[in-house]
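Please treat every number below as a calculation from the coordinates, not as lab data. Owing to the predicted nature of the structure, the values given are computational and were not obtained by experimental measurement. Cβ: placed from backbone, ideal geometry, glycine included. Neighbour counts: every protein chain shown.
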Amino acid sequence: MSESEAAAFAPPPHVLVLGRDTCEDTTRARAHLAARGVAFSYRNYELDPGADAMIRAHNDGRLVTPTILLGDPVRPSRVLVEPSNDELDAALELAP
C-alpha cells in the first residue's frame, strides 16, 4: 500500500477546541466543525484552568481564542489560532 493510500485510511486527527462559550470565533469554529461532521473535544477556559494554561502555552502567554490543537493535545502536530473556516478545512484537508 502506498503512503497516499495509507493516509486515506488513517483516522482523522484528534481535534481539541480551546475557548469560551461567549467568544464569537470559538462558537463559529465549533459550529463549522460540527456542520462538517468533524468530531472534536471542547474545553472552556472559564471553567477549566487547565484549558487556560494550554491556550497560554501555545500563544506566548496570551489568552487567544479559539486555539485549536490537532493530534495529541500534549504534543499537537498543529496549532491553529483564531483560524478561519477555510484554514480549518485546509488543516483537516476537507474538501468544500
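Which of the listed residues, Leu88, Ala31, Leu16, is farthest toward the dipole's positive end in the range 12-94, when Lys, Arg count +1 and Asp, Glu count -1 at the beta-carbon?
Most positive-ward Cα: Leu16.
Relative contact order for the range 14-92: what percent, with Cα pairs under 8 Å and sequence separation of 6 or more?
Details: 119 pairs, mean separation 27.3, N = 79.
Relative contact order of the range 14-92: 35 percent.
Work out the length of the dipole vector of the chain about its Cα centre, built from +1 on the beta-carbon of each Lys and Arg and -1 on the beta-carbon of each Asp and Glu, and round it to the nearest 20 debye.
Working: 9 positive and 15 negative charges, 45 e Å.
I would put it at about 220 debye.
Check Arg36: other-chain or 5+ apart residues with amide H under 5 Å from its amide H, H built from backbone geometry?
HN-HN under 5 Å from Arg36: empty list.
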